[in-house]
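Data block below; observations after.
The values are calculated or read from the model by the stated rules, or taken from the named source; none is laboratory data. Everything quoted here is computed from the prediction, not taken from an experiment. Side chains are part of the model used for accessible areas, which takes the heavy atoms of the whole protein and leaves out ligands, DNA and RNA. Shrake-Rupley method; radii C 1.70, N 1.55, O 1.52, S 1.80 Å.
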Amino acid sequence: MPHLQRLLRSPRPLSSQQRQRQLHPRPRALPPHLHLHLRHPSPLWLLPPLPLPPAVTPSVVTVRISLSFSLAFSLRTLFYLGTFYSTGLGACGITNVDTDFIAAASFLLFDGFNGYTGANPNNNPICGKKVLAHYQGKQVTVTITDRCAGCFGKYNLDFSPSAFSQLADQTVGRIFGMTWNFI
């Protein structure tokens with residue numbers, strides 16, 4: 001019977017410490033393998049792999065990966081950068097003026113162009129190639145006569161001021177989303 005009396009009794013009032021614990025519970029202890037990594041930071045690839053949730057199947061993961069690759073490819077083709085510069089003697093050995101319709105190819109494209117040995121930039125096969133560039137419904141045909149050392153995107157082009165003006169106003173400075181192809 002004493003246990004029944006204990007159950008029927010009203011609960012004891014909580015101490016201030018017990019109330020604090022109810023209001024602000026302590027965080028649970030981490031599993032040992034995670035606790036070790038949090039104490040000693042290490043690269044993410046050393047952490048144990050996270051299991052896939054049961055609802056995710058390998059086919060769903062494959063679809064997500066293939067979509068991200070196609071999206072990355074689409075963005076790469078859409079977002080070439082076009083700029084302009086003051087012309088002069090170019091890497092192809094040709095002296096141009098600002099009114100010529102010319103462009104400088106990115107150093108990544110120029111230096112890696114098929115057939116270029118790296119010995120003499122004047123002999124690079126990209127020199128003299130014609131390019132048709134498009135931007136927001138406008139287009140311009142230019143000749144590659146220079147190398148752009150500040151163009152960090154492989155397919156970015158640096159136009160003469162006159163050629164750039166055919167695509168956009170020079171006050172814009174840079175055009176994102178330009179596309180081009182060799183003709």
Which order do 182, 113 take by accessible area at a 1.4 Å probe, largest first?
182, 113
Where does each of 157, 89, 132 land when they are ordered by accessible area, with a 1.4 Å probe and the largest first?
89, 132, 157
